[in-house]
Each structure stands twice: as C-alpha cells, then as structure tokens.
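These notes concern the structure reproduced below.
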C-alpha cells in the first residue's frame, strides 16, 4: 500500500510502499477513502510538542473508510461498515475519566497518527473501541474534517456553555474556525469572526457571522468591545497574541476557551485581580469523545453544517503542508484515495 511516512522530524514526508497491516486482537482494518489534513499532523511531523512521536510513523487522524477485516474478538458484521478513525485511537476504559464520559482525558490514551500509525495511507489499523460509525447521510469527504476539526470545535462550544444571544468571538477562521462559527450559531450565539486573512473573513461572512474583524488592520479587542464585548472567546489561532486578545475582549463573567496549541510551550499572562473580580473562566478544551463525534455526524446528516474543504492527492502531502503553513488553504484539505 502507499503511505506518507515521517522519516525524521522536519524532513519532507516520503511516499513509500508498505505492507498492508493486519488487524490484531480487538482491532479492525480500514480501507481509506478520505483522510483530512489537520495542523496537528504538521506538528507531529516536525516534532513541535514536548511529547513527541517516534519516526518512522504514518500521521493522520481524520480517516474515513469501510472496515475490510477484523481481528480476534471483534464482531464480523463490522466488515463493510464505514467508520471514522479519530485522534483518540483508544483509552483504558476503566479510569475515572473514561467511566465518566471524558475518555479524552485518559492518561493511557493512544492517539492515531501520533503514538500509532495513522491514516495517511491506503489502509490503517484501528482499535475497534475507538472507531465511530459514519451515517449514510455524510460523505466520506465531509466526514474526514468533521472527525477532528468538527468534533474539536463542537466540544469547545459545548464546554463554553453558550446560551442564546451570547456574544461569541472565534479567533481563527479556517479548518476549525469555519465549523466553530457554525456550532456557535446553532446554539444561538451571536458570532464575531476574527482572522488576519480577508478570504477567510469572507468565508465567515458567507457562513453567517454577525461581525467580522480583520486583526491585521484593526485591533480586535477594540472592535469586539465596541460591538458589546465577548461572553465567550474561542481561540483556534496558534499565535499567543490571539489568546491575549481573546482574554482582553471578554465581558464580566466571560469564558476563554483555549483550543489551539502553539508549536512551542507558549504562555499568556492572566491577571489575577481582573479574572477574579470579573468572574472570568479560562477553559482548556481538547477534541471530543466518541459520543460527541456521533452528534457531529448527526447534525451534518441533518443538513445543519457545511464543510468547506478541498481535495488533494496523498503524493501532494508536502505541498499541502506548505499550503496550510502559508495560510493559503481556505479551510480544510482532504486527501482522497
């Protein structure tokens, strides 16, 4: 099978011919139809984060396709079913996080395309307990970005507890941001979209943003406060400046939801006096659970969301990374097989 392989951090990925893997006990083999490109894949390939994957490895955690084989202990009727292979490949299932529906916080979790080989390949092995069925009303092309960008931003809006008519500022309109905007609107939020690129702000306008702010030409804090301030600020841009601006745009009682992960171990200054007296909450939100992803798929099948993405071939992987890093991708890129 063809696979895009990280051979060393910072080096271009290599398209290699690898043996088709065999599913072990509790695993399934998935024939890829589509696999989305997440910025996390680039961080993985560059070894950007403190906990690093071990080359050589195959990145990718937005894989969609039918199950073609199952390992011991997995029901045979899964064969032929179309499934998603998400970031959370598996978790222990017994810790207090897993049993309370927060398996994304499990300290024993395995992550697709990071701690195990992922979906930048014609076939991928996945843990049967981690996959999620894709309903017939969702195309594989759309399901790929929803498997990470969708479920991540859906969870961010969930943990922010947005209520109707609250003002929600979304910092970073791209693969994640264009979906966060839609989920915020679905629960009744009044959305301000913040970005540096006019094309992405145009996308936000088309998707129904109530306000748009060009952070390259205007101070987003000033603009958001002029419009009434933000009750919730969701940060999907990986620049520490965006986090600081988001915090300063909040109203009293506001919630800052941190989602993006900068390449280095960045930090922002949170003023204690202002945070306490203003009743401000700072929330970290990391992806979503299998149930969250099932809900994301159900909303999309019902026609409540749009996925903005472009098709690429797997052999374009390095050029595609450059597109994302250069801000030239309007939203998400999806490798189709």
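Would you mention how many residues in region 113-127 are in contact (Cβ under 8 Å) with a residue 60 or more places away in the chain and either over 16 Å from residue 147 (Cα atoms) or not in a loop (DSSP other than H, G, I, E, B) (or both)?
Quick first cut of region 113-127, residues in contact (Cβ under 8 Å) with a residue 60 or more places away in the chain only: 113-115, 117-127.
Applying the additional criterion that residues be either over 16 Å from residue 147 (Cα atoms) or not in a loop (DSSP other than H, G, I, E, B) (or both) yields 115, 117, 121-127.
Counting residues in region 113-127 that are in contact (Cβ under 8 Å) with a residue 60 or more places away in the chain and either over 16 Å from residue 147 (Cα atoms) or not in a loop (DSSP other than H, G, I, E, B) (or both) gives 9.
Yes/no per residue for (1) over 28 Å from residue 322 (Cβ atoms); (2) out of contact with any strand residue (DSSP E or B) (no Cβ under 7 Å at 6 or more places or on another chain); (3) at pLDDT below 95; (4) not assigned by TED's automatic domain parsing to the domain that holds residue 263:
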residue	(1), (2), (3), (4)
21	yes, no, no, yes
32	no, no, no, yes
36	no, no, no, yes
41	no, yes, no, yes
54	no, yes, no, yes
69	yes, no, no, yes
75	yes, yes, no, yes
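Exposed (fewer than 14 other Cβ atoms within 10 Å of the Cβ), touching a residue at least 40 places away in the same chain (Cβ under 8 Å) and within 22 Å of residue 262 (Cβ to Cβ): is that true of residue 25 in this structure? Show your work before the answer.
Values: exposed (fewer than 14 other Cβ atoms within 10 Å of the Cβ): yes; touching a residue at least 40 places away in the same chain (Cβ under 8 Å): yes; within 22 Å of residue 262 (Cβ to Cβ): no.
No; evaluated as a whole, the condition is false for this residue.
Quick grid of which residues meet (1) in contact (Cβ under 8 Å) with a residue 60 or more places away in the chain; (2) not in a loop (DSSP other than H, G, I, E, B):
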{"residue": "73", "(1), (2)": "no, no"}
{"residue": "77", "(1), (2)": "no, yes"}
{"residue": "83", "(1), (2)": "no, yes"}
{"residue": "89", "(1), (2)": "no, yes"}
{"residue": "94", "(1), (2)": "no, no"}
{"residue": "98", "(1), (2)": "no, yes"}
{"residue": "101", "(1), (2)": "yes, no"}
{"residue": "107", "(1), (2)": "no, no"}
{"residue": "111", "(1), (2)": "no, yes"}
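Scan region 139-169 residue by residue and report those that are in a loop (DSSP other than H, G, I, E, B) and crowded, with 24+ Cβ neighbours inside 10 Å.
As a first pass, look at region 139-169 and keep what is in a loop (DSSP other than H, G, I, E, B): 139, 161-166.
Correct list: 162 only.
Report yes if residue 172 is buried (at least 24 other Cβ atoms within 10 Å of the Cβ) and at positive phi, otherwise no. Break it down into steps so the answer makes sense when it comes.
Values: buried (at least 24 other Cβ atoms within 10 Å of the Cβ): yes; at positive phi: yes.
It is true that residue 172 is buried (at least 24 other Cβ atoms within 10 Å of the Cβ) and at positive phi.
Condition test on residue 208, is it in contact with a strand residue (DSSP E or B) (Cβ under 7 Å, 6 or more places away or on another chain) and in a loop (DSSP other than H, G, I, E, B)? Spell out how you get there, then give the answer.
Values: in contact with a strand residue (DSSP E or B) (Cβ under 7 Å, 6 or more places away or on another chain): no; in a loop (DSSP other than H, G, I, E, B): yes.
When the stated conditions are applied, residue 208 does not pass them.
Please state which one of 91, 112 is within 20 Å of the chain's Cα centre (by Cα) and closer than 18 Å to residue 314 by Cα.
On the way: 91 fails: closer than 18 Å to residue 314 by Cα.
So the residue among 91, 112 that is within 20 Å of the chain's Cα centre (by Cα) and closer than 18 Å to residue 314 by Cα is 112.
Pick from 323, 295: which is farther than 16 Å from residue 36 by Cα and either surrounded by 15 or more Cβ atoms within 10 Å (Cβ to Cβ) or out of contact with any helix residue (DSSP H, G or I) (no Cβ under 9 Å at 6 or more places or on another chain) (or both)? Working first, answer last.
Details: 323 fails: farther than 16 Å from residue 36 by Cα.
None of the others qualify; the one that does is 295.
Given the conditions (1) under 26 Å from residue 139 (Cα atoms); (2) in a loop (DSSP other than H, G, I, E, B), report the number of the one that residue 68 does not fulfil.
(2)
Within region 51-65, how many residues are more than 19 Å from the chain's Cα centre (by Cα) and surrounded by fewer than 18 Cβ atoms within 10 Å (Cβ to Cβ)? Steps first, please.
Of the residues in region 51-65, the ones more than 19 Å from the chain's Cα centre (by Cα) are 54-57.
Now restrict to residues that are surrounded by fewer than 18 Cβ atoms within 10 Å (Cβ to Cβ): 54-56.
Of the residues in that region, 3 qualify.
Return the pairs, sorted by first residue and then second, in which the second residue is assigned to a loop (DSSP other than H, G, I, E, B), the first residue lies in region 263-285 and is modelled with pLDDT under 95, the beta carbons are less than 6 Å apart, and the residues are 6+ apart or on different chains.
263/48
Within region 175-192, does at least one residue satisfy the condition of being surrounded by fewer than 24 Cβ atoms within 10 Å (Cβ to Cβ) and closer than 20 Å to residue 40 by Cα?
The answer is no, given that none of the residues of region 175-192 is surrounded by fewer than 24 Cβ atoms within 10 Å (Cβ to Cβ) and closer than 20 Å to residue 40 by Cα.
Counting just the residues of region 278-292 that are under 21 Å from residue 184 (Cβ atoms) and within 15 Å of the chain's Cα centre (by Cα), which one comes out surrounded by the fewest Cβ atoms within 10 Å (Cβ to Cβ)?
Among those that are under 21 Å from residue 184 (Cβ atoms) and within 15 Å of the chain's Cα centre (by Cα), it is 284.
The values are calculated or read from the model by the stated rules, or taken from the named source; none is laboratory data. Predicted model only: the values in this text are computed from it and were never measured. Here Cβ is always computed from backbone atoms with ideal geometry, including for glycine, and neighbour counts include all displayed protein chains.
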